[in-house]
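**Q** Before I ask anything, let me first share the structure, which is written out below as structure tokens.
The values are calculated or read from the model by the stated rules, or taken from the named source; none is laboratory data. None of these values were measured; they are calculated from a predicted model. Methodologically, a virtual Cβ is constructed for each residue, glycine included, from the backbone with ideal geometry; neighbour enumeration extends over all protein chains shown. Each accessible area value is taken on the protein alone, full model and side chains, heavy atoms only, with ligands, DNA and RNA left out. Shrake-Rupley method; radii C 1.70, N 1.55, O 1.52, S 1.80 Å.
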Amino acid sequence: EIHIKEPIEKEVNPHLLPGELLLCEASTVYKYMQEDGSNRGTYGKLVCTNFKISFLDDDSASDDNEPQFKNKIVGENDITLQCVDQIYGVYDEKKKLLTGQLRKYPEKLIIYCKDLRVFNFCLRYTKEEEVKRIVSGIVHHSQTPKLLKRLFLFSYASAAPNNTDGRNQTVMFETLEDWRDELERTKGTVKYKAVATNEGYRVSEKLPLYFVVPICISEESILKYEGRGIPIWCWSCHNGAALLKMSAFPKEQDDSTSQTQKAFLDGVYRTISKPPYELLKMEDLSSSLPSLQDIQTAYTRFKQLFLIDNSTDFWATDVKWFSLLESTNWLEIIRRVLKKAIEVAECLEVQHTNVLLIEESATDLCCVISSLVQVMMDSYSRTKSGFQSLIQKEWVVGGHGFLDRCNHLHKSEKEEAPVFLLLLNCVWQLVQQYPPAFEFTETYLTVLSDSLYVPIFSTFFFNSQHQRDTNVSGESLKTQSGPFRFLTVWDWSVQFDPKAQAFLNNPLYAEKPKPDKSQRKTSRFKHQRQLSLPLTQAKPSPKRGFFREETDHLIKNILGKRIGKFINSSDEPPNSLREFYDSWHSKPVDYHGLLLPRIDGPEIKVWAQRYLRWIPEAQLHGGGTIATAAKILDLMEEVQSLQVKMDEEHSQAVSGDVHSVPMLRNSARLSSLFPFALLQRQSVKPALPTSTWKDLEDEDDLVKRDDEFVDLSGDML
């Protein structure tokens, strides 16, 4: 039986951005609401532009059903071409991967997205000519290799008016002054200097125009090997110890070349190991951390657990959920990266030793470790503008190859690796372990990960500052003679209005001048850690099924409980590191001091908001993250009104976040998947043995009680 919404009478046209062109379309396409296992869905038009694939039904034309957390650029039924992961066609109930030229056209189209959405379209009722056009158009524009200048980024930049608000506080690190200010901020000016040796990219196209090196390094040394073998400064600790990075020489060299390079390196090491510099510890990341290929393999396996076609698939994998999760190795990679960052932090903080991170290009794992160390050791990097400046410094200007690593041009899968996503996953571990230490929320991190695939911002669409600068001139396009004006992703007003932006800011951020906050133990913030959707440390559930966990306190230990059995066993940290780790965790947390992630066993968790947000089976109606947030915001609104009555000067501190989220008042009507998915997507329970249903029914009262009352008074007052 097919439950259908009648085909639409009125014409619905896609909303096109400046520079966006409609390439092909098909009418009477049927979009399944595939999650519930039935054939329910809606008719509409499927279109493909030079920016996105979009499904338009009659709801698209009305504003009544508009989500409260609306992205102004990418709608609920929009998929940017860069966000398409794989496309499958269904032929006689068999799935086949679609690439290149097609001889036969499918009756169903399944699109898997990099943000883990899955779209199912039925083409049986569509005209044959339109099916050919839309399927070949979608496959061609989203899956075949393309030139950089063919990215929508350039079409948009040449057509869009430049009217971004100038209130962006992010330091872009595109001038010498920015680097000098950062040296000043971290008190590194005595031993380090900002240099302009690479102006005109005369040293290397991989290096930024400006960077910082030890004062004793000469310009000749920098020029000698195109910047290789030169320690480049990342950050200075309060005690003077510094974090440095260096791109290594290629390993396959003839003897005489490698001898000269070794002599050059020895000279550099000797120079920066003498006073006033601290002792130097070298950390070769390519030998101590997983390779990029290992990271890509682990993530490919991991994301398959969340690209769910339908309810049947979901429940089928539930039985072996933990073994599937363990076999991906993704959580173990996150743990190893966090452990390495703790080791580096211990050298800087306790041993007062400079740490030199070495990697062949110094633009992948170097970026991950240096960013993590700064987030852990520098409270400025835990503010929104500080974190954005950090990404600019270490990743965007630092030369991380976003274009290749995200495979935006579909040139080579060998280069693809989710290195930036790995960083965001690691930062999320810290955000959910220590919520008050961060000015931004997990929703901010989720939205940032989605922005990797939105090609109207230049931030994540170039391999280096040189590549961006050489492509800024628009002379090759007839429509434009001047330079392109690219947008930066840090201007959140382009994607979200102020109400939606409120979800990116943490209302419980511990402002710096509040000494009593530093005395609190982390356990006092237990309810906020539940905001991270699946995980809290609690008594184990007698049965491990996914559904059991969902009804028992929001998928309680689903993603972490058994993982301790295999995480703790491998490579125990050395004693000094273990002492440092244990000693720090035995003291109260200073939210503006050093933060060390907990990495033992089940402490490493799955970033549930990002990976489970499109799966209705993983939601609680009227519960979970948003119910807690609603109560917090209620309380904050009360506090704010009292402050206004008392006419306090600092009442402005909370005003921006509080009354900009009025839609949270009735939390019972929201789902734990909010703000990314609304309540309209219901899940149908599968056929389970009667005894299982009986077990679940016995817990109903407990579940209702848990959802109705979340006691935050102890934490908030």
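**Q** Rounded to a whole number, what % of the accessible area of region 140-265 do carbon and sulfur atoms account for, probe 1.4 Å?
**A** Roughly 50 percent, rounded to a whole number.
**Q** In square angstrom, rounded to the nearest 10, how much accessible surface does Leu422 have for a 1.4 Å probe?
**A** We get 0 Å² for Leu422.
**Q** Another one. Once you have all Cα-Cα distances for region 287-434, histogram them in 10 Å bins from zero and send the whole-percent values.
**A** Over region 287-434, the share of Cα pairs per 10 Å bin runs 10, 35, 34, 16, 4, 0 percent.
**Q** Under the rule of at least 5 residues apart or a separate chain, name every residue whose amide H is placed under 5 Å from the amide H of Val84.
**A** Sorted by chain and number, the residues that satisfy this are Lys114.
**Q** If each residue of separation counts as 0.36 nm, what is the full-extension length gain between Cys216 and Asp590 once their alpha-carbon separation is subtracted? All intermediate terms of the calculation are to be shown ahead of the outcome.
**A** Numbers: separation 374, 0.36 × 374 = 134.64 nm, distance 3.60 nm.
Between Cys216 and Asp590, full extension yields 131.0 nm more.
**Q** Please name which of Thr186, Gly227, Pro214 has its Cα lying farthest along the dipole of region 186-260 towards the positive end, using unit charges on Cβ (Lys, Arg +1; Asp, Glu -1) and the Cα centre as origin.
**A** Thr186
**Q** Tell me, what ³J(HN,Hα) does each residue in region 21-31 have, in order and in whole Hz, if you take phi through Karplus 6.51 cos²θ - 1.76 cosθ + 1.60 with θ = phi - 60° and put x for Gly and Pro?
**A** Result, rounded to whole Hz: 10, 6, 9, 7, 8, 9, 8, 6, 8, 9, 9.
**Q** Within region 76-176, how many Lys pairs sit with Cα atoms under 15 Å apart, leaving out pairs fewer than 8 places apart on the same chain?
**A** Lysine pairs meeting the criterion: 10.
**Q** Take the Cα atoms of region 358-421, find their three principal axes, and give me the spread along each one in whole Å, biggest first.
**A** Taking max minus min along each principal axis of the Cα atoms, region 358-421 gives 39, 25, 17 Å.
**Q** If DNA, RNA and ligands are ignored and the probe is 1.4 Å, what is the ranking of Asp254, Asp497, Asp647 by accessible area, most exposed first?
**A** Ranking Asp254, Asp497, Asp647 by accessible area, largest first, yields Asp647, Asp254, Asp497.
**Q** Take the Cα pairs of region 201-255, get the Kirkwood Rh, then feed it into Stokes-Einstein at 4 °C and 1.567 mPa s and tell me D in µm²/s.
**A** 103
**Q** Viscosity 1.567 mPa s, temperature 4 °C: give me the Stokes-Einstein translational D for region 281-343 in µm²/s, with Rh taken as the Kirkwood radius over C-alpha pairs.
**A** 97
**Q** Shifting gears a bit: Counting pairs of alpha carbon atoms under 8 Å apart in space and at least six apart in sequence, what relative contact order in percent does region 269-414 give?
**A** 26
**Q** Scattering from the C-alpha atoms of region 108-209 alone, worked out with Debye: what is log10 I(q)/I(0) at q = 0.11 1/Å?
**A** -0.72
**Q** Can you give the charge dipole size of region 265-341 about its Cα centre, rounded to the nearest 20 debye, using +1 on the beta carbon of Lys and Arg and -1 on the beta carbon of Asp and Glu?
**A** 340
**Q** In region 101-149, which trypsin sites (Lys or Arg not before Pro) fall in coil by DSSP and have 16 or fewer other Cβ atoms within 10 Å?
**A** Arg103, Lys104, Arg124, Lys127, Lys146
**Q** When ranked by the protection proxy of mean other Cβ atoms within 10 Å per residue, highest first, what sequence do the peptides 283-290, 218-225, 73-80 form?
**A** Details: 283-290: 16.9, 218-225: 14.9, 73-80: 20.1.
Ranked by mean Cβ neighbours within 10 Å, highest first: 73-80, 283-290, 218-225.
**Q** Between region 342-394 and region 231-297, what's the alpha-carbon centroid distance in Å?
**A** Between the Cα centre of region 342-394 and that of region 231-297, the gap is 15 Å.
**Q** Return the Rg/Rh value of region 101-168, two decimal places, where both radii are evaluated on C-alpha atoms and Rh is the Kirkwood radius. Could the numbers behind the result be given before it?
**A** Values: Rg = 17.1 Å, Rh = 15.2 Å.
With Rh from the inverse mean 1/r over Cα pairs, Rg/Rh is 1.13.
**Q** What length, rounded to one decimal in nm, is gained on full extension from Asn310 through to Leu148, with 0.36 nm per residue of separation minus their alpha-carbon distance?
**A** 54.7 nm
**Q** If you don't mind, there's one more thing I want to ask. Could you tell me which residue out of Gln296, Leu307, Phe173 lies farthest along the dipole of region 157-315 toward its positive end? Charges go on the beta carbon: Lys and Arg +1, Asp and Glu -1, centred on the Cα centre.
**A** Phe173
**Q** Let me ask something else about it. Using the Cα gyration tensor of region 350-391, with a ≥ b ≥ c the square roots of its eigenvalues, what is the shape: rounded (a/c below 1.5), prolate (a/b larger than b/c) or oblate (neither)?
**A** Judged from the Cα gyration tensor, region 350-391 comes out oblate (a/c at least 1.5, b/c at or above a/b).
**Q** Dipole magnitude of region 194-241 about its Cα centre, charges +1 at Lys/Arg Cβ and -1 at Asp/Glu Cβ only, in debye to the nearest 20?
**A** For region 194-241, the charge dipole is close to 120 debye.
**Q** State, to one decimal in nm, how far the label point of Ser576 lies from the label point of Glu638, with both points 7 Å from Cα in the Cβ direction.
**A** 5.1
**Q** Magnitude of the Cβ-charge dipole of region 319-449, K/R +1 and D/E -1, about the Cα centre, nearest 20 debye?
**A** Details: 11 positive and 16 negative charges, 48 e Å.
The calculated dipole for region 319-449 is roughly 240 debye.
**Q** Might you tell me the accessible area per residue for region 223-350, computed with a 1.4 Å probe and given in Å²?
**A** Accessible area per residue, region 223-350: 44 Å².
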